[in-house]
Amino acid sequence: MPVKPLPQNPSLVHLKHQAKDLLKEHAARDPQAAQRIKEFHPRFERALDPEIFEVRLSLSDAQLTIAREHGFPSWPRLKRHIEKPTLADRLDLPHHERIEDVPFRRAVDLLDAGDVAGLRQHLGQHRNLVHEHVLFEGGNYFQNPTLLEFVAENPVRHGKLPQQIVEVAKVILDAGAEQSALNETLGLVSSGMVARQFRVQVPLIALLCAHGADPNGALHGAVLHGEFEAVNALLACGGRVDLPIAAALGRTEEAGRLLPNADSKQRHLAVTLAAMFGHVEIVTMLLDTGEDPDRYNPIGAHAHSTPLHQAALAGHAGLVRLLVERGARLDIKDIIWHGSPADWARHGGKTEVERYLREAEKKKSA
C-alpha cells in the first residue's frame, strides 16, 4: 500500500500516539492492524493474520511499523528526520534536488538533459559513480537508487524524458552498472507511465533485458500498474506467464491450466488482478477453489483494499455483482482512506456501480 506522507510539520508525539493506537488495534485483533503490520514490519511479511495476533507486540514493534509506514527504515531514522532534517529530508522537493553528493547530482542533471557526451565524460572522471547509491526516505520506493534508475522517470520528477534517454542508458550500462541496478531499473521502466508516454518504454525494456535484466521480476509490477505494452515487451524478452499474469490478461483457459499447481500467494494475487481488470470467469474460478473475497489484497498489490474495492473503482459491474452474490462484505473499509467499496465507486465516478452497492447495503441492513 502507499506509504503515508508526513505532514509539513510532523510531531513525534503524535507519531508515538499512532504506535500506541496500533498496539490497541492489534490487541483487539483488528484485520486492518494485521495488514499494516504484515506489510511494514519485516518480521511479519509472510505471517498470516492469526499468527500476527498470537504474537505479543511490543511498543518498539509498533514504532517500527509506524516508521516504515511513513517510508523510513526505522524509528530512529524517522526521529532524526523530524529533529535534525537535512536537504535530503526535504520531501517537498523532487528527488534530484535532494541529492547532496555533487558529482552524483551533476550526473543526474546530464541524464535529464540527454547530454550523452557530457555524461560519458563525467562518468570517465568519476569511475565509481555508476556503483554509488543515494538515500531517499519518506517514500514507497526509489529509496536507495543508483544512477541508472533515474532513466525511468519513476517516480515522476519532470514528467518528461529526453529523446536520447536510451543512448543515456547505454552510456551508464557501458560504465558498468550492476545486475541489481538493471533489475531495479527494469521494474521502474515497466511500471512507469512517463516512459510509455514518451515512447521509450519498450526500447528501454529491450536494452535492459539484452544486458541481463530479468523480465520475470518486472512482470507483476507492470500488470499492477496496467502497463500492458510493457507486459508484452517483457514476455517477448522471455518472461513467463504465471497464474497472476494469466489472470491479469484475461487468459481464462491458460489460468485454468496453471491454477492446480499455483501456490496460495499466486492465487491471492490472481484474484486481485482479475478483479482489477474485470475478468469475471477467472474470479469465479478462483472463488470456486476457495479464495476469500474479503481478504485484503496481497502486499505490494494495493494491499490497502479488497478485490471488491478495486472492481468498484474500475466500474466492473458484472464482477461487482459476482462478488456481492458470492458473499463479499460491503462494509470493509480500505486502510488508507477508510472508504467502503461503494465509496470507491463514487470516487471513480461509477454511478451505476455505486447505486447497486448502496442498494445491496440497504438490503443487508434490513
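Condition check ((1) closer than 25 Å to Val151 by Cβ; (2) out of contact with any Leu (no Cβ under 9 Å at 6 or more places or on another chain); (3) of a type in the set (Gly, Ala, Ser)) across all residues:
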residue	(1), (2), (3)
Gln197	yes, no, no
Cys209	yes, no, no
Val231	yes, no, no
Leu234	yes, no, no
Ser264	no, yes, yes
Leu269	no, no, no
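Of everything in the range 78-88, what is over 22 Å from the mean Cα position of the chain (by Cα) and within 20 Å of Lys16 (Cβ to Cβ)? Give them in sequence order. Answer for the range 78-88, where residues must be over 22 Å from the mean Cα position of the chain (by Cα) and within 20 Å of Lys16 (Cβ to Cβ): Lys79, Arg80, His81, Ile82, Glu83, Lys84, Pro85.
Set side by side, the residues Asp292, Asp331 differ, and just one is touching a Ser or Thr at 6+ places or on another chain (Cβ under 7 Å) and either assigned to a loop (DSSP other than H, G, I, E, B) or surrounded by 16 or more Cβ atoms within 10 Å (Cβ to Cβ) (or both), which is Asp331. Comparison of Val202, Val231, Val223 shows that the only residue that is assigned to a helix (DSSP H, G or I), within 20 Å of Glu281 (Cα to Cα) and not assigned by TED's automatic domain parsing to the domain that holds Pro298 is Val223.
For (1) surrounded by fewer than 17 Cβ atoms within 10 Å (Cβ to Cβ); (2) more than 19 Å from the chain's Cα centre (by Cα), each residue gets a yes or a no:
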{"position": "Leu204", "(1), (2)": "no, yes"}
{"position": "His220", "(1), (2)": "no, no"}
{"position": "His225", "(1), (2)": "yes, no"}
{"position": "Ile245", "(1), (2)": "no, no"}
{"position": "Ala248", "(1), (2)": "no, no"}
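Among the numbered conditions (1) over 27 Å from Glu39 (Cβ atoms); (2) among the basic types (Lys, Arg); (3) touching a residue at least 60 places away in the same chain (Cβ under 8 Å), the only one that Lys333 does not meet is (1). Remark: pairs (first residue in the range 237-265, in contact (Cβ under 8 Å) with a residue 60 or more places away in the chain and under 20 Å from Ala218 (Cβ atoms); second residue surrounded by fewer than 21 Cβ atoms within 10 Å (Cβ to Cβ) and β-branched (Val, Ile, Thr); Cβ separation under 7 Å; 6+ apart in sequence or on different chains) are absent.
Residues of the range 129-145 that are of a type outside the set (Val, Ile, Thr) and either at pLDDT 95 or above or not in a loop (DSSP other than H, G, I, E, B) (or both): Leu129, His131, Glu132, His133, Pro145. When restricted to residues that are assigned to a loop (DSSP other than H, G, I, E, B) and either in contact with an Asp or Glu (Cβ under 9 Å, 6 or more places away or on another chain) or of a type outside the set (A, V, I, L, M, F, W, C) (or both), the range 146-194 contains 15.
Working only within the range 93-111, note down all residues that are free of Cβ contacts under 8 Å to residues at least 40 places away in the same chain, in a loop (DSSP other than H, G, I, E, B) and out of contact with any helix residue (DSSP H, G or I) (no Cβ under 6 Å at 6 or more places or on another chain). Those that are free of Cβ contacts under 8 Å to residues at least 40 places away in the same chain, in a loop (DSSP other than H, G, I, E, B) and out of contact with any helix residue (DSSP H, G or I) (no Cβ under 6 Å at 6 or more places or on another chain): Leu93, Asp101.
Can you confirm whether the range 112-120 contains a residue that is in the same structural domain as Leu207 (by TED's automatic domain parsing) and part of a loop (DSSP other than H, G, I, E, B)?
yes
With respect to the conditions (1) surrounded by 19 or more Cβ atoms within 10 Å (Cβ to Cβ); (2) in contact (Cβ under 8 Å) with a residue 24 or more places away in the chain; (3) more than 29 Å from Ser74 (Cα to Cα); (4) more than 18 Å from the chain's Cα centre (by Cα), Glu167 lacks only one, and its number is (1).
Residue-level check: of (1) surrounded by 16 or more Cβ atoms within 10 Å (Cβ to Cβ); (2) not in a helix (DSSP H, G or I), Leu287 misses just (2). Residues in the range 195-236 that are under 24 Å from Asp112 (Cβ atoms) and of a type in the set (Asp, Glu): Glu227, Glu229.
Give me the residue from the range 142-164 that is among the β-branched types (Val, Ile, Thr) and surrounded by fewer than 24 Cβ atoms within 10 Å (Cβ to Cβ) and, out of that set, nearest to Leu207 (Cα to Cα). So that I can check it myself, show each step before the final result.
Just the residues of the range 142-164 that are among the β-branched types (Val, Ile, Thr), to begin with: 146, 151, 156.
Next, only the ones that are surrounded by fewer than 24 Cβ atoms within 10 Å (Cβ to Cβ) stay: 146, 156.
Working: Thr146: 17, Val156: 21 Å.
Top of the filtered list is Thr146.
Would you mind stating whether Leu323 is hydrophobic (A, V, I, L, M, F, W, C), under 21 Å from His220 (Cα atoms), outside any loop (DSSP other than H, G, I, E, B) and over 17 Å from the mean Cα position of the chain (by Cα)? It is false that Leu323 is hydrophobic (A, V, I, L, M, F, W, C), under 21 Å from His220 (Cα atoms), outside any loop (DSSP other than H, G, I, E, B) and over 17 Å from the mean Cα position of the chain (by Cα).
For residues in the range 339-366 being at pLDDT 95 or above and of a type in the set (Lys, Arg), which is surrounded by the most Cβ atoms within 10 Å (Cβ to Cβ)? This residue is Lys350.
All conditions but one from (1) more than 18 Å from Ser340 (Cβ to Cβ); (2) outside any loop (DSSP other than H, G, I, E, B); (3) not aliphatic (A, V, I, L, M) apply to Gly278; the one that does not is (2).
The values are calculated or read from the model by the stated rules, or taken from the named source; none is laboratory data. It should be emphasised that the depicted structure is a prediction, and the values quoted were computed from it without experimental measurement. Cβ sites come from the backbone with ideal geometry, for glycine too, and all protein chains shown count toward neighbours.
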